[in-house]
Amino acid sequence: MNRRSFYRAPEGERRHELIEATLDCISEFGLKGATVRQIALRAGVTAGLVRHYFVSKDQMVAEAYRAVIASLTEKAANVEGDPATRLRDFIAINLTEPVADSRSISLWAAFISQVRVDPVLAEIHRDGYLAFRNVLQALLADFLAVNGWPAGPEECRRYAIAINGLVDGLWVEGCLAGDLFREGELVSIAMASVEALLGLPIKKTENK
């Protein structure tokens, strides 16, 4: 693996590159196999520069996991359009690339194996899960309201838990055995399942 030519990047950009290099190495080698030296090589910097930004490998791993969780919540929170469109897009985004691919499942497997034994990762996981679920809960509240069903927070919370579990399960299947499904099949199954759960169609908005 060739080291990229060194250049003096801004602090924020350099830190982002190191986090991305950390994620690449974790995806390829696992948490234990992703050494500081390998991460430095992937980022095209020296190990000393890595230590300038992160005091330890544990800190790098924690920041990398926080970045993964934040990116998922950001993608989900940035859906636009009417409530039905936003709910549909939320589901589709989480079951298609780049959220659902071999790299994502490798990272998930690496991090989730440590969540129960590492308090820092456990807190990041918990905060990320709640942020993600809260986005879904708000989407559901808006969708139900425009359909004449002003559900309360507790009802929307329960729906969000159920739909999040459904999407998570299909996500794992798609990442591990995507070649077994037709294009768009998992998204279609998810949409039909959510419609059955809510008792409402999630119709696409027609262009006028």
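What is the helix-to-structure angle for 153-177, meaning the angle in degrees between its Cα long axis and the longest Cα principal axis of the chain, kept from 0 to 90 and rounded to the nearest 10? In the chain, helix 153-177 runs at an angle near 60 degrees to the longest axis.
The C-alpha atoms of the chain define a longest principal axis, and helix 57-77 lies at about 30 degrees to it. If you average the sequence gap of Cα pairs under 8 Å that are 6 or more apart and divide by the length of the chain, what percent do you get for the contact order? Once divided by the residue count of the chain, the mean separation gives 22 percent.
Is the shape of region 99-208 best called rounded, prolate or oblate, per the rule: a/c under 1.5 gives rounded, else a/b larger than b/c gives prolate, else oblate, with a ≥ b ≥ c the square roots of the Cα gyration tensor eigenvalues? Walk me through the numbers before you get to the answer.
Details: a/c = 2.68, a/b = 1.32, b/c = 2.04.
In terms of gyration-tensor shape, oblate.
Using the Cα gyration tensor of region 154-208, with a ≥ b ≥ c the square roots of its eigenvalues, what is the shape: rounded (a/c below 1.5), prolate (a/b larger than b/c) or oblate (neither)? Present the calculation step by step, with values, prior to reporting the outcome.
Working: a/c = 2.77, a/b = 1.21, b/c = 2.29.
Oblate shape, in that a/c is at least 1.5 and b/c is the bigger or equal ratio.
Could you give the angle, 0 to 90 degrees to the nearest 10, between helix 83-93's Cα long axis and the longest principal axis of the Cα atoms of the chain? For 83-93 against the chain, the angle is about 40 degrees. Please report, as a whole percent, how much of the solvent-accessible surface of the chain comes from carbon and sulfur atoms (probe radius 1.4 Å). Of all accessible area on the chain, carbon and sulfur atoms account for 54 percent. Taking amide H atoms as placed 1.01 Å from N in the peptide plane, the amide H of residue 45 has no partner under 5 Å among residues 5 or more positions away or on other chains.
List the trypsin sites (Lys or Arg not before Pro) within region 74-149 that DSSP assigns to loop and that have no more than 15 neighbouring Cβ atoms inside 10 Å. It would help to have the intermediate numbers written out before the result.
On the way: sites: 75, 86, 88, 103, 116, 126, 133; in loops: 116.
Passing both the DSSP loop test and the Cβ count: 116.
Roughly how many Å is it from the Cα centre of region 66-139 to that of region 10-41, as a whole number? Cα centroid of region 66-139 versus Cα centroid of region 10-41: 20 Å apart.
Which FRET efficiency value, to the nearest 0.05, do you get for residue 196 and residue 97 by plugging their Cβ-Cβ distance into 1/(1 + (r/R0)^6) with R0 = 35 Å? Can you show the working numbers first?
On the way: r = 26 Å, r/R0 = 0.74.
Efficiency computed from Cβ-Cβ geometry: 0.85.
Most tightly packed first, judged by the mean number of other beta-carbon atoms within 10 Å of their residues, the peptides 66-74, 139-147 read 139-147, 66-74. For region 146-208, applying the loop criterion from DSSP together with a ceiling of 10 other beta carbons within 10 Å to the GluC sites (Glu not before Pro) yields 183, 206.
Restricting to Cα pairs below 8 Å that are 6+ residues apart, what does the relative contact order work out to for region 13-61? Please round to a whole percent. Let's see the in-between values first.
Details: 34 pairs, mean separation 18.2, N = 49.
Relative contact order for region 13-61 comes out at 37 percent.
For percent of Cα pairs over 28 Å apart, the choices are (i) 38; (ii) 41; (iii) 25; which was calculated from the structure? Given (i) 38; (ii) 41; (iii) 25, the calculated one carries the label (i).
At 1.4 Å probe radius, can you tell me the per residue accessible area of the chain in Å²? Could you put the intermediate results ahead of the total?
Working: 11790 Å² over 208 residues.
For the chain, the solvent-accessible area averages 57 Å² per residue.
Return the calculated 222 nm mean residue ellipticity for the chain, to the nearest 500 deg cm²/dmol, obtained by summing -39500 (n - 2.57) across DSSP H runs with n ≥ 4 and dividing by the residue count. Only helices count here, giving -24500 deg cm²/dmol.
The values are calculated or read from the model by the stated rules, or taken from the named source; none is laboratory data. Predicted model only: the values in this text are computed from it and were never measured. A quick note on method: Cβ atoms are made from the backbone with ideal geometry, for glycine too, and the neighbour counts reach across all protein chains shown. Please note that ligands, DNA and RNA were not included when accessible areas were found on the heavy atoms of the full protein model with its side chains. Shrake-Rupley method; radii C 1.70, N 1.55, O 1.52, S 1.80 Å.
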